[in-house]
Amino acid sequence: MFKSIELSVGIFVGAGLAALFMLAMQASNLSSLSSDGFYEVSARFDNIGGLRVKSAVKVSGVKVGQVKEIDYDSSTFEAVVTMQVEEKYSQFPRDTIASIFTSGLLGEQYVALEPGGDEKLLENQSEIRLTQSAMVLEQLIGQFLFSKASEEKDAPF
Amino acid sequence: MKALINMLTRLGRGSLFLIKILAGIPQLFLRFNLVIRQVYSVGVQTLLIILVAGLFVGMVLALQLHYTLTTFGAEDTLGLLVDLSLVRELGPVVAALLFAGRAGSALTAEIGLMKATEQLSGLEMMAVDPIERIIAPRFLAGFLSLPLLAAIFSAVGILGGYMVGVDLLGVDSGAFWSQIQAKVDFYDDVLNGVIKSIVFGFIVSWIAVFEGYDCVPTSEGVASATTRTVVHSSLAVLGMDFVLTAIMFN
Amino acid sequence: MPDTLIQIRDLHFTRAHKKIFAGVNMDIKAGRITAVMGPSGTGKTTLLKLIGGQLKPDQGEIQVDGQNVHQLKRADLYKLRKKMGMLFQSGALLTDLNVFDNIAYPLREHTNLSESMIRSMVLIKLQAVGLSTAHKLMPAELSGGMARRVALARALALDPMMIMYDEPFTGQDPISLGVLVKLIQDTNHALKLTSILVSHDVEETLSIADEVIILSEGKVIAEGSRDEILQSQSEWVRQFVDGKADGPVPFHYPGDSIEKQLMQAPK
């Protein structure tokens, strides 16, 4: 009698743990966060747009890490973005360019790294010097209208 | 005024009772088969309703969300939305409400009947503390069972959403999972959901055993205590859910 | 053994604004059957719970075996309770255990006896109440009289010095009544127990009680040996013992007379 109770309790607890495991591995990002260490690099941007902590860091469209921290340096008036990149993708040349792009027209923003050609590699805790800020839609439209307006002014009648 | 004083008196009595229960819990590790028996009657017997409800909630979510998402051409995010709704909100909350209705009421009725038939007094006169032997194992079992039930509810719900979304409505299977894995955060979403269900398990089990222990030992007393368990613990779950959500997801 | 096992002095107890006891004094002699009688609602069961330390009096003290029950520490109170058996009106058997496990329960809780020892002890106790063949039944399968016999076996399991019987005769058929009366008398004499018997079944109770105490409205109104009570000339005792409808306890619930009520216009 008690044995069968024990068995069904065992099945119940097993099912509960399996469900938790499924939620962790299949239904969340835990499986995509690799466990073998990260190294950190930072980059300064004039404008980070809609970038947030945990936004993706991608190289050639492949996710290699995420934004760990966003800070504001009040002496240089720049945003400092600290990124965690997985250890196995640590082969970045020193002249790598960090840009903030948007996935799709209205999608989330992410940091894209474009490796350069330097022989020397980026080290842990180092800073990426070449950066390109986020495109802000209003600025783009403003610039576009402004250049249109000046084109028309210059145009000979 | 008198009602307020009564309410505060009950709250105080309930809190003192909780302290006694918690003090009795370490003893249970020596008699863990008492807890296993209760996990059976509290957890295993609630499993069926959780499985069925979880499956249907997931399927309905997928149907409803798909309808709205197609108007934005964003069907690919169906999996993500189903997953987030279940893991953050519906899993812990609906599982807790079902748990209060199925297991909480049964706990109150059982303890209330033991009181009405003098079994609790009988134990006391045998120099056995009923809080240690009867109440604490039931409380601990409820507290341990609900997080597991909520996880099962969410997992089954996601599968239900997958069945409807992918097999029935034609959402791409790869997009379903990849959106989930890209956007659902284990710590922020899944773990916070689990914490919610732990808190709910604590509250519902506490209310259920207290109402049973504190009931008027007659048939009417047990009946009204059972009703109170379901009403109070449902309200407490929804209220706490608001508080926890405000703390966690702000 | 002291002559008096339980000594109650100036006991006051109130429940839900109703005075249950107002200055009760009582001595219960060791080794005898003392019957505590009185009309329903006089707090006879409450008295047993006060003696067992489950309720606290407003005032006054209860000494059991020389110890003041309500000033004992929890551990000491539990130690004392192991020496007190109590038979509840409903039997109070644990419904999810069978007869055997119910009787074994106090032994398993409080002793380190081996399973085989426990088995023999349980069967001996069951034999004493004539139910050794029923040890596999569940409480729900027992008749009211059998449940009380099992409960008696359980109360005797730890070999207590006293047993409190709460309304043991209520709602029994004549045969189980006879069995219970015999069992209470036999166990008391065979085991040299002190028994307190709370009841309002006059005939059965008086057939086995050595001492009788009658309570009414929070006070002791008569006490003495059985013969003294049977020969008492007090109007009150006569009404109670002979079961008369009218007497010092009026037939009519106190209030306005019927004439007066009939004259009043309905509100």
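The values are calculated or read from the model by the stated rules, or taken from the named source; none is laboratory data. Since the model is a prediction, treat every value here as computed from it, not as a measurement. Counting neighbours? That spans all protein chains shown, and the Cβs are built from the backbone with ideal geometry, glycine included. Quick note on the areas: whole protein, heavy atoms, side chains included, nothing else; ligands and nucleic acids left out. Shrake-Rupley method; radii C 1.70, N 1.55, O 1.52, S 1.80 Å.
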Q: Identify, from the list C:LEU191, C:LEU230, C:LEU262, C:LEU197, the residue that is crowded, with 17+ Cβ neighbours inside 10 Å, of a type in the set (A, V, I, L, M, F, W, C) and either at negative phi or in contact (Cβ under 8 Å) with a residue 24 or more places away in the chain (or both).
A: C:LEU197
Q | Leading residue by the ranking (nearest to the other protein chains (Cβ to nearest Cβ)) among those in the range B:139-173 that are open to solvent by 10 Å² or more (accessible area, probe 1.4 Å) and of a type outside the set (A, V, I, L, M) | A | B:PRO147
Q) Got a number for residues in the range A:66-84 being modelled with pLDDT of 85 or more and open to solvent by less than 50 Å² (accessible area, probe 1.4 Å)? A) 9
Q: Find the residue count for the range C:103-123, including only residues that are among the β-branched types (Val, Ile, Thr) and under 24 Å from the mean Cα position of the chain (by Cα).
A: 2
**Q.** Tally, over the range A:22-47, of residues that are at pLDDT 85 or above, exposed (fewer than 13 other Cβ atoms within 10 Å of the Cβ) and within 12 Å of chain B (Cβ to nearest Cβ)
**A.** 0
Q.
Just to be sure before I move on: is C:ARG154 assigned to a helix (DSSP H, G or I) and either open to solvent by less than 60 Å² (accessible area, probe 1.4 Å) or touching a residue at least 40 places away in the same chain (Cβ under 8 Å) (or both) in the structure I sent?
A. yes
Q. So C:LEU107 fits all but one of (1) away from chain B (no Cβ under 14 Å); (2) in contact with a helix residue (DSSP H, G or I) (Cβ under 7 Å, 6 or more places away or on another chain); (3) outside any loop (DSSP other than H, G, I, E, B); what number is the exception?
A. (1)
Q: Just one of (1) out of contact with any Asp or Glu (no Cβ under 7 Å at 6 or more places or on another chain); (2) in contact (Cβ under 8 Å) with a residue 12 or more places away in the chain; (3) farther than 20 Å from B:LYS196 by Cβ trips up B:THR68, so point out which.
A: (2)
Q: Exactly one condition in (1) among the hydrophobic types (A, V, I, L, M, F, W, C); (2) surrounded by fewer than 21 Cβ atoms within 10 Å (Cβ to Cβ); (3) farther than 20 Å from B:VAL93 by Cβ; (4) more than 10 Å from chain A (Cβ to nearest Cβ) is not met by B:PHE176; state its number.
A: (2)
Q. Among the residues of the range C:233-254 satisfying the criterion of being open to solvent by less than 70 Å² (accessible area, probe 1.4 Å) and assigned to a loop (DSSP other than H, G, I, E, B), which is nearest to C:THR205 (Cα to Cα)?
A. C:GLY243
**Q.** Single match in B:SER121, B:SER105, B:SER41 (criterion: buried (at least 18 other Cβ atoms within 10 Å of the Cβ) and free of Cβ contacts under 8 Å to residues at least 12 places away in the same chain)
**A.** B:SER121
Q: Could you grab me the full set of residues in the range C:216-256 that are modelled with pLDDT of 80 or more and among the hydroxyl-bearing types (Ser, Thr, Tyr)?
A: C:SER216, C:SER225, C:SER232, C:SER234
(Q) For the range B:112-128, check the following and say yes or no: at least one residue is away from chain C (no Cβ under 14 Å) and assigned to a helix (DSSP H, G or I). (A) no
**Q.** For C:GLY171: the one exception among (1) open to solvent by less than 50 Å² (accessible area, probe 1.4 Å); (2) part of a loop (DSSP other than H, G, I, E, B)
**A.** (1)
Q: Please work out if A:LYS54 is in contact with a Ser or Thr (Cβ under 8 Å, 6 or more places away or on another chain) and either within 14 Å of chain B (Cβ to nearest Cβ) or among the polar types (S, T, N, Q) (or both).
A: no
**Q.** Given (1) exposed (fewer than 14 other Cβ atoms within 10 Å of the Cβ); (2) outside any loop (DSSP other than H, G, I, E, B), index of the condition A:LEU113 fails
**A.** (1)
Q.
Of everything in the range C:28-66, what is within 14 Å of chain B (Cβ to nearest Cβ), over 19 Å from C:MET161 (Cβ atoms) and of a type in the set (S, T, N, Q)? Give them in sequence order.
A. C:THR45, C:THR46
Q: Mind listing whichever residues of the range C:38-57 are farther than 24 Å from C:GLU203 by Cβ, among the basic types (Lys, Arg) and outside any loop (DSSP other than H, G, I, E, B)?
A: C:LYS49
Q) Could you count how many residues in the range A:85-99 are closer than 15 Å to A:SER42 by Cβ, touching a residue at least 40 places away in the same chain (Cβ under 8 Å) and open to solvent by 80 Å² or more (accessible area, probe 1.4 Å)? A) 0
Q) For the range C:71-102, how many residues are surrounded by fewer than 14 Cβ atoms within 10 Å (Cβ to Cβ), in a helix (DSSP H, G or I) and more than 13 Å from every other protein chain (Cβ to nearest Cβ)? A) 1
